[in-house]
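What follows is calculated from the coordinates using simple rules that are stated; it is not laboratory data. The structure presented is a predicted model; accordingly, all values stated were derived computationally and were not measured. Heads up, the Cβs are rebuilt from the backbone with ideal geometry, glycines too, and the neighbour counts pull from every protein chain shown.
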DNA sequence: GCGATCCTTGAAAACGTTTTCAGTAATCGT
DNA sequence: ACGATTACTGAAAACGTTTTCAAGGATCGC
């Protein structure tokens, strides 16, 4: 029923080997190549990629494992990854873990079974810490979050510096009681928290940090609880775009004036952050470049499996808007 | 090097056929099944999915072809599709066409070569119109946009009704010069425009419709141009969330008060639309249900290839907010 | 007690390619 | 002119599974 390479070979009057070579880049005379191409058109032949992958042992597939594609950060990174992948003739398998280590493990096993060429992975902290060099059967680049030094290639933000920059700016604007709400599951949030705490210490201030699940709903609930307590902070640092949105929602629900009652500074320059009133001060991550660099690192790792582990640290860009004062 | 089913068979002291059956759902005695499972654990065997797919002729793969995953509508739909797919033991290949018919054609050919089990596709108008029953070698469900009636299963919004509902509401709020900015590439935008125009006619009003590429940047540019002209409309209907964002940006850049100088009503209840001031009136699409229904239709089509073509029409929910007045 | 039926099992044949291995014809160097 | 390359080509062997197919042994009905 389905037309295979044998049918093309018969139609072109050549062997299947010649058809394969004509379609790939084997040495074939011009005359035969033309015959084969005509036969392909005549028969409507479509190569079977499963067969091709099995025989050639090159799946040309990369896995992309993220927490949740609905987080605009991952959306943007994934788009960059896919563009680079398709441009290189590769296919992407996208997996959402919802920050669940069990699902991470499941998808990593799936990647093995797919015999992927490589994987780009944003692991939870728990998984990242347990992930040592050589654990994975395929080249892997960690993004956004990274594990123990030297275990895997990675491309991350300079999170501590970015967290500190937000604190410095808030202090310069006259705030001193600066709280922080950080994601509970990622190393990234921890680093941002460390930068936040370090900067506060440098200014002789005390940190007040809390944690929540890294999504808008959980952040809103936690922020609402916190802000209703007596003696709430004057300013809040939020460790990613989803948490920032949740906190902004909570402030609005409690009718807190921003920045009068509460200043807000967060991460991820999502398109809505300059649409609300006041605009929100954020550290913008170079999302497209993160994706592109991850693919570059992955390709280079594939080309040279034994080269030393590399870590690309990108800087965030602090975008100052009305939400951070002055006090 | 890599451990295959032969190694497992040898370790378990059985044939490869028995291993295959033990791993799948063939009839195997409990004793042997246990031996096989022990051998699998001992050897660290991982089935090779390429080989499995080739031999079984079941790729268990579905293609998802959308305009741009960064559009929150597609992000949400895709997440629903992927959840349903993985729950059914299927994998998803995601493709972004950027509304380019050439890329659509390319990805459709890729889907053929992948021998996908089925495809969920949001085609441009050009492609949808050229897409007749039997054109595609695989079961296909169209989402968001649909082609000629009866050609393919589809799940769409009742776009005309939704477009009309926005106009009715604007008229009820006292607006009469109601312009519309619609995406240029999708049938969906056209249907919304038709509903918009029909409702205006019903009210004895004249439509003023323009078109733009369905992304925020293009919409902002077009809206800025339009709103700077003399005699601009009192209200604008925007055919999707990206265009709504662009128009809101343009209004803000021109310092137009919403809804005082310009009322705004659009599509897609994206999370930011109730965060801006004023909140934006929108028709909310049931994004998760669109994805889930599409998968359901696809699975049912696969189970019964010859059943009549079905079209699921979902209703939008109009969310009234401050951006639409009263005048 | 005996044929029919059922349940398990293994050997071997697919699945649709690419790649190896030879072999032929043509070209080259001297 | 002759051996050595070089450039193509086809037959056949992979690739790692699942799925026949046939057969052995147990169970069943009577």
Query raised in the report: Points 7 angstrom from Cα along the Cβ direction at residue A:307 and residue A:56: gap in nanometres?
Result: 2.3 nm
Query raised in the report: Which of A:246, A:118, A:13 moves most in a GNM of chain A, Cα contacts under 10 Å?
Result: A:13
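Between rounded, prolate and oblate, where does segment B:91-209 land on the alpha carbon gyration tensor, with a ≥ b ≥ c its root eigenvalues, rounded for a/c under 1.5, else prolate if a/b exceeds b/c?
Values: a/c = 3.09, a/b = 2.72, b/c = 1.14.
The shape class here is prolate.
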Report task. Along Cα→Cβ, 7 Å out, is where each label goes; now give me the distance between the ones at residue B:228 and residue B:17 in nm to one decimal. Result -> 7.8 nm
Query raised in the report: Taking the label point as lying 7 angstrom from Cα along the Cα-to-Cβ axis, what are the distances from residue B:202 to the corresponding position in the remaining copies, in ascending order and in nanometres?
Result: 6.2
Query raised in the report: Shortest first, in nm, what separates the label point of residue A:149 from those of the same position in the other copies (7 Å along Cα→Cβ)?
Result: 6.9
Query raised in the report: Looking only at other chains, what is the average number of their beta-carbon atoms within 10 angstrom of each beta-carbon in A:49-58?
Result: 6
Query - Top of A:298, A:275, A:264 by mean-square fluctuation, Gaussian network on chain A, Cα under 10 Å - result: A:275
Requested in this report: Consider a paramagnetic label point 7 Å from the Cα of residue A:42 along Cα→Cβ; state which residues of segment A:10-32 have an amide N under 12 Å from it.
Outcome: A:10-14
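How high is the FRET efficiency from residue A:210 to residue A:317, r the C-beta distance, R0 22 Å, rounded to 0.05?
Working: r = 26 Å, r/R0 = 1.20.
Between residue A:210 and residue A:317 the formula returns 0.25.
Take the Cα radius of gyration of segment A:220-273 and divide it by 2.2 N^0.38 Å, with N its residue count; two decimals is plenty. Spell out each step's value before the answer.
On the way: Rg = 10.3 Å, N = 54, 2.2 N^0.38 = 10.0 Å.
Relative to the rule-of-thumb radius for its length, segment A:220-273 sits at 1.03.
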Report summary line: Rg from C-alpha atoms of chain B, normalised by the globular rule of thumb 2.2 N^0.38 Å, equals 1.27
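Subtracting the Cα-Cα distance from 0.36 nm times the residue separation, let me have the gained length for residue A:25 to residue A:288 in nm, one decimal. Write out the running numbers ahead of the final one.
Details: separation 263, 0.36 × 263 = 94.68 nm, distance 3.27 nm.
Going from the current span to full extension adds 91.4 nm.
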Query - Cα gyration tensor, the protein assembly as shown - rounded (a/c under 1.5), prolate or oblate - result: oblate
Query raised in the report: Relative to the present Cα-Cα distance, how much length would full extension add between residue A:177 and residue A:113 at 0.36 nm per residue of separation?
Result: 17.9 nm
Query raised in the report: Where the label is 7 Å out from Cα toward Cβ, how close does residue B:126 come to the same position in every other copy, in nm, shortest first?
Result: 4.9
Requested in this report: Using Cα pairs closer than 8 Å and at least 6 residues apart in sequence, work out the relative contact order for segment A:131-286, in percent.
Outcome: 19 percent
Query raised in the report: Pick from B:75, B:188, B:140: which residue has the top mean-square fluctuation in a GNM of chain B where Cα pairs under 10 Å get a spring?
Result: B:75
Requested in this report: Report the calculated FRET efficiency for residue B:158 and residue B:221 (r = Cβ-Cβ distance, R0 = 22 Å), to the nearest 0.05.
Outcome: 0.15
Query raised in the report: For the rotation bringing B onto A, which B residue has its Cβ nearest the axis, and at how many Å?
Result: B:272, 2
